[in-house]
1. If packing is taken as the average count of other Cβ atoms within 10 Å, what order do 128-134, 238-244, 185-191 fall into, highest mean first?
2. With 10 angstrom as the radius, rank Asp172, Asp212, Asp103, Asp29 by how many other C-beta atoms surround their C-beta, starting from the fewest.
3. So which of Lys10/Lys269; Lys171/Lys259; Lys10/Lys160; Lys2/Lys35; Lys42/Lys189; Lys159/Lys269 end up more than 28 Å apart, counting from Cα to Cα?
4. Relative contact order of the chain, please, whole-number percent, based on alpha carbon pairs below 8 angstrom and at least 6 residues apart.
5. Once each part is reduced to its C-alpha centroid, what is the distance from segment 152-204 to segment 230-281 in angstrom?
6. Summarise the long-distance tail of P(r) for segment 5-237 by giving the % of C-alpha pairs beyond 30 Å.
7. Which three extents, in angstrom, do the Cα atoms of segment 100-180 have along their principal axes, listed largest first?
8. Setting aside same-chain residues fewer than 8 positions from Lys260, which aspartates and glutamates have a Cα under 17 Å from its Cα?
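Computed from the coordinates by the stated procedures, all read-outs in this text should not be read as laboratory data. Note that this is a predicted model, so its numbers are computed, not measured. Methodologically, a virtual Cβ is constructed for each residue, glycine included, from the backbone with ideal geometry; neighbour enumeration extends over all protein chains shown.
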Amino acid sequence: MKISKALYEKLCGVWSAVPTPFNEKMQIDHDSIEKMVEHHIKIGINGLFLLGTNGEGPCLTEQQKIELVKQVVKCNKGRMAIAVQITDNSSQQMLENARKFSDTGIDIFIISSPYFFVRPEPERIFNLYDSVLENIHLPVGIYDRGKYSSVEIPIMVLKKLYTSRKIIIIKDSSSDEARMKLALMARRKNKRLRLFNGNEFQCVRYLQAGYDGLLLGGGVFNGYIASRIINAVKMGDISEAEKLQNLMNKIMYAVYGGKKIRSWLAGEKYLLMKMGIFKTWKNLYQYTLDKQCEKAIDRIFKQYQNLLIPY
């Protein structure tokens, strides 16, 4: 499968697993999508990942998914790479999901572990993905959540999958040393492969190990700081990188509602309201905000507005 040079040049740096904006009626908010896309451009994001966990993809209707993707592509105008999750419980359904987005102008399909899978033996899980890879028409990214998935993809399955020439990116959110080593080994054998860390609380370790970039759920608000972490690691200034990581963690814990992440998506969307990007913090996962979380986010926004909106 031929991959354009323009796309490959974007397979690095910071990517954002974007949240989905709603209006008060829980409809897709087109105005907020346009603001969100422009904000990502201004903070130097190279790619957007749509319909992931942070984007509430598993909960959106089929019509909402297509509406969201088309509007993002329209606003993007080819400036960032666009990846869309097509994860499902069967290869037939994943290929059907891919077909629905085939004419939208996206660049990459993302596949994660199935939400539900009967008899999850390694051979059957491998066949699930292998069948998709044989019949799909765009490059593919694997989103590995490790033990945090409802159905964990065994390492032996990943090892076989990573040999496919159709896979060009890996988003590793597993926080697993063995999976990190496997991804690095796969890239040594497949020079086309690009590795992204998805654990936004541990960016420095993965960048030091040799990962190509960061694909972050909080990229819409922490992407500028994340890019500075990347630059610090490239310059060999690990002390500065760790300092920036600690600052980013401080902001994220305030936004997400503490170390128990009790407000998560509601907090993220509330911050985006403060930033003038979203109109509501409503979400399909039914995360809510209490006064304590609101005040914490208000303080963070006031204190670090220059890092959240650096333009």
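1. Most protected by this proxy first, the peptides run 128-134, 238-244, 185-191.
2. Taking fewest neighbouring Cβ atoms as first place, the list is Asp103, Asp212, Asp29, Asp172.
3. Lys2/Lys35; Lys42/Lys189; Lys159/Lys269
4. Values: 548 pairs, mean separation 58.7, N = 311.
Dividing the mean separation by the residue count of the chain yields 19 percent.
5. 24 Å
6. Value for segment 5-237 (Cα pairs over 30 Å): 19 percent.
7. Taking max minus min along each principal axis of the Cα atoms, segment 100-180 gives 35, 26, 22 Å.
8. Cα-Cα hits under 17 Å: Glu200, Glu268, Asp290, Glu294.
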